[in-house]
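Enquirer: One structure follows; several queries about it will come next.
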Amino acid sequence: MLRNYFIIAWRNITRSKIYTAINVLSLALGITACLVIYLIAHYEFGFDTFHPDGKRIYRIVSSGQEENGIKHAWTTVSPAVPAAIREEISGIEKLVTLYDFKAEISIPNEDKTSKKFESRLDGGYITTVLTEPSYFDIFKYEWLVGDSITSLKDPFKVVLTESRARLYFGSLGLEKILGKEIVYDDSLRASVSGIVKDWHENTDFPLTDFISISTIRNSFLKNAILLDSWNCCNSIHPTVFVKLEQGTTPAKIDSQFDGFIERRKSLLVSLGSKFSMHLQPLTDIHFTSDFNRDDGILHMDGDSFRKAHLPTLYGLMGGTLFILVIAIVNFINLSTALSIRRAKEIGIRKVLGSARKSISIQFLIETFIQAFIAVCLSILLVKPVLSAFSSYMPNGLKFEMLNTSTLLFILLLTVVTSLLAGFYPAKVLSSYLPVLSLKGNGSNGNNNKEYLRKGLIVFQFTISLIFITGAIVIVNQIHFMQRELSFTNGKVISLWGGEIDKAKILADKIRQVAGVTKVALQGFPPLGMARAIRVMRTKGKYENYVGVSMKTGNEDFIPLYDMKFLAGRNLRPSDSLKEFVINRSYSKVMGFKKPEEALGQMIFLDVKAFPVVGVVEDFHEGSFHEPIRPMVIANDPQDENKIVFKMDRIEGKEANLQSILSVVEKQWKQVYADRPFNYSLLDDDIAWLYEKEEREAKLANAIMMITIFISCIGVFGLSMFSAQVRTREIGIRKVLGATVSNIVAMLSGEFMLLILLAILISSPIAWYIMSNWLQDFAYHIEIRWWVFVVSGFAAMGIALITVSFQSVKAALTNPVDSLRSE
């Protein structure tokens, strides 16, 4: 019996090749999208889930709020906090402190030369840390040489991962690597005391060099890392992990932090008031992107490693679900429409004794076969899709067909799709009455099915229109940000130099390069990933402490970036910090309505006061999600070890970047013979500020195109079926004088009315969704009426082109061919 079901199902499928192709293609696109997003979600949610007792491991994070309402969150704590927590907070089984150590690494050779290495992985991740033996009690490793108790007990000891040991010492036996010397930052010499096996699972902590924390007090690092400091903003700060005792909840620890902070109010110095600390679960770290870097510098996310954006991930999952639903809607629409063709077949089956159940099974098997073909096609499409969107995929993402979880998901997807797509058509077809079916009329509920088909078409295009509107709004917001960030003409290149004296020499050499128009020395660029935040005291109309973004650059800094002066003058050449130029926002914080009123006012940095000599117009130094903060620009030569130069556009063209860079590289090698030539473009820093939005725009465009395509091939199938069913009606109308345009309007008009209804439904929904999306920006566009008009016309135009093909074909048919059998 089962064999007979499959034979009949295959015959029916092959009889309607075009409609089967439409159903299989739309289902394949929906299933492919689901499979790709499943792979991404499975990968992202799998970070750091492999640690034994991982549910008891937490990171201590801190936060604060300034008087002006700006909030901050740090992934670190004050250097003196870990020791105090060990003494006062109960419920903690183990605690470990880690300090990132960005160092140049060299391995001495016997011939007195040395091999150079970076303390970063590809992508800029810092992998060298100063830490305690307790690190290996919280995070478990397999020890190849050495042990967790003694390897980091003494100063100037380092534990390496196996891959790092091989990188440094090649194929030398692991036992022989013990005792070998590694030099960090030219003068910190550590000997290898242990080697551990690398983690091969997904982790946000691919650390490779573990230096004993006692090295800090016994080396030059004690001048940079103030281990007894309670200041949370101005020094290098530790990341702290804890492993809780069995039965201890995070809430219990968090409640103890309140009293801990209260007892040290006078010691804990932070950016603003309302300082607090709390525990963050280990598995949440991968999805955290709203932390400030804890050394006083604002970075992209506060951690060294790539983060997944959870709202975007959920948005992708939701978008994928809609794609699958639209594909299933197509299947249901075409299946119920084609039911008229099979009315007599069902009537004969019932007269011959077929039960409703067996007919339902027959149609479910047909659906299963089509879904199975779609799944096979989607499996073939997954790798090309991953390759096409590789820039949006996390590194390490792979499609392994034979992976158990992947196979189970594919099986579940096949079954669920078959049931959702096949249940309603099977229910409808099996309900036909034999008497009516044998007359070719089908069931007596054709009107209800017609309403269902129309409703599903409206649903499809409503979803498509929401994505069209969303894509337009996102693109306009990106264009708005690009326009606001374009405060300089020409291409600006930054070189990460070293010693200040050498930076000045190189700057003078670059000034002589043809095509370079301006050169300056700077600390951080005016916008991008990194910002130095300093607490400053003002004495304007209102005296207060403010977290201020501090930019350093020489007298050429402001002119190079084309900053607009509102009042006062530029910074003057100086051998030390003597004066400030501020932005408009800072003058407002000081209580002045006019920028010129701020001139001559004193701003205190630490205990020294500096006069305001100029005010520049506000510009965005960070993401548009945050308001423009108070800023000072100062000429502080001791911090200006980076060179920036500019190439202006000439007659609408730019100077040749690569030719100028090749000359600059030669100059670089003359000054920094032992350093690799590295540079960055200001355009890249600007692009970073709206990188997430561009990614969202491209993903929204991809989902939009897929939903429109699936909706259109569904409408194409329905219009083709409608034209076939009404062939005789069209012939009679043409005999009675109807023109081709009359026939096209008749066949297309119904679909246009449905899309018009979809426009009316989708517009308020899209407005609500995108208004909420824009609220996440401190500066954003307003959604105008024309956005909905454009998206509506786009949908109607696409649908009209789709439907018109069949409508024109039907209208041009000779009425003799359609009426000869009457």
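Enquirer: Identify the single condition in (1) in contact with a strand residue (DSSP E or B) (Cβ under 6 Å, 6 or more places away or on another chain); (2) open to solvent by 10 Å² or more (accessible area, probe 1.4 Å); (3) not hydrophobic (A, V, I, L, M, F, W, C) that E201 does not satisfy, given that it satisfies every other one.
Expert: (1)
Enquirer: Do we find that G353 is surrounded by fewer than 18 Cβ atoms within 10 Å (Cβ to Cβ), closer than 24 Å to K698 by Cβ, modelled with pLDDT under 80 and not hydrophobic (A, V, I, L, M, F, W, C) in this structure?
Expert: Values: surrounded by fewer than 18 Cβ atoms within 10 Å (Cβ to Cβ): yes; closer than 24 Å to K698 by Cβ: no; modelled with pLDDT under 80: yes; not hydrophobic (A, V, I, L, M, F, W, C): yes.
It is false that G353 is surrounded by fewer than 18 Cβ atoms within 10 Å (Cβ to Cβ), closer than 24 Å to K698 by Cβ, modelled with pLDDT under 80 and not hydrophobic (A, V, I, L, M, F, W, C).
Enquirer: Still on this structure, please answer the following. Output the number of the condition that R733 fails; it satisfies all remaining conditions of (1) at pLDDT below 80; (2) open to solvent by 60 Å² or more (accessible area, probe 1.4 Å).
Expert: That leaves (1) as the condition not met.
Enquirer: Which pairs turn up if I take residues in region 728-757 that are closer than 16 Å to I798 by Cβ and look for partners that are assigned to a helix (DSSP H, G or I) and open to solvent by 40 Å² or more (accessible area, probe 1.4 Å) with beta carbon separation below 6 Å, at least 6 apart in sequence or on another chain?
Expert: Every condition considered, the pairs that remain are L754/K454; I755/M796.
Enquirer: Open to solvent by 30 Å² or more (accessible area, probe 1.4 Å), hydrophobic (A, V, I, L, M, F, W, C) and part of a loop (DSSP other than H, G, I, E, B) - does that describe any residue in region 751-773?
Expert: Taking every residue of region 751-773 in turn, none turns out to be open to solvent by 30 Å² or more (accessible area, probe 1.4 Å), hydrophobic (A, V, I, L, M, F, W, C) and part of a loop (DSSP other than H, G, I, E, B).
Enquirer: Return the only residue of R695, R629, R675 being crowded, with 21+ Cβ neighbours inside 10 Å and charged (D, E, K, R).
Expert: On the way: R695 fails: crowded, with 21+ Cβ neighbours inside 10 Å; R675 fails: crowded, with 21+ Cβ neighbours inside 10 Å.
Sole residue among the options that is crowded, with 21+ Cβ neighbours inside 10 Å and charged (D, E, K, R): R629.
Enquirer: What tally of residues in region 586-601 results from selecting those that are assigned to a helix (DSSP H, G or I) and among the charged types (D, E, K, R)? Full working, then the answer.
Expert: Step one: filter region 586-601 for residues assigned to a helix (DSSP H, G or I), giving 586-589, 595-598.
Keeping just the survivors that are among the charged types (D, E, K, R) gives 588, 596-597.
Residues flagged as assigned to a helix (DSSP H, G or I) and among the charged types (D, E, K, R) within region 586-601 amount to 3.
Enquirer: Sticking with this structure for a sec: Scan region 550-585 residue by residue and report those that are of a type in the set (S, T, N, Q) and in a strand (DSSP E or B). Steps first, please.
Expert: Just the residues of region 550-585 that are of a type in the set (S, T, N, Q), to begin with: 552, 554, 570, 574, 576, 583, 585.
T552, N583 - these are the residues of region 550-585 that are of a type in the set (S, T, N, Q) and in a strand (DSSP E or B).
Enquirer: Can you tell me which residue within region 204-259, out of those that are part of a helix (DSSP H, G or I), under 24 Å from I126 (Cβ atoms) and not hydrophobic (A, V, I, L, M, F, W, C), is least open to solvent (accessible area, probe 1.4 Å)?
Expert: Within region 204-259, the subset part of a helix (DSSP H, G or I) is 213-218, 220-223, 250-259.
Now drop any that are not under 24 Å from I126 (Cβ atoms), which leaves 213-218, 220-223.
Subsequent filtering for residues that are not hydrophobic (A, V, I, L, M, F, W, C) retains 214-215, 217-218, 222-223.
Values: S214: 38, T215: 0, R217: 134, N218: 91, K222: 109, N223: 122 Å².
My answer is T215.
Enquirer: Grab the strands (runs of 3 or more DSSP E) fully contained in region 125-199, keeping just those with 1 or more residues being under 26 Å from K94 (Cα atoms) and hydrophobic (A, V, I, L, M, F, W, C).
Expert: Values: elements: 128-131, 143-145, 157-161, 181-184, 188-196.
By residue number, 128-131, 143-145, 157-161, 188-196.
Enquirer: Within the set of pairs 6+ apart or on separate chains, which have a first residue in region 614-625 that is under 16 Å from K588 (Cβ atoms) and of a type in the set (A, V, I, L, M, F, W, C), a second that is open to solvent by 20 Å² or more (accessible area, probe 1.4 Å) and in a strand (DSSP E or B), and C-beta atoms under 6 Å apart?
Expert: These pairs meet every condition: V615/L566; V615/G568; V616/F565.
The values are calculated or read from the model by the stated rules, or taken from the named source; none is laboratory data. Model, not experiment: these values are computed from the prediction. Cβ atoms come from the backbone with ideal geometry, glycine included; neighbour counts cover every protein chain shown. Ligands, DNA and RNA are stripped out before the accessible areas are found, and what is left, the full protein with its side chains, is counted by its heavy atoms. Shrake-Rupley method; radii C 1.70, N 1.55, O 1.52, S 1.80 Å.
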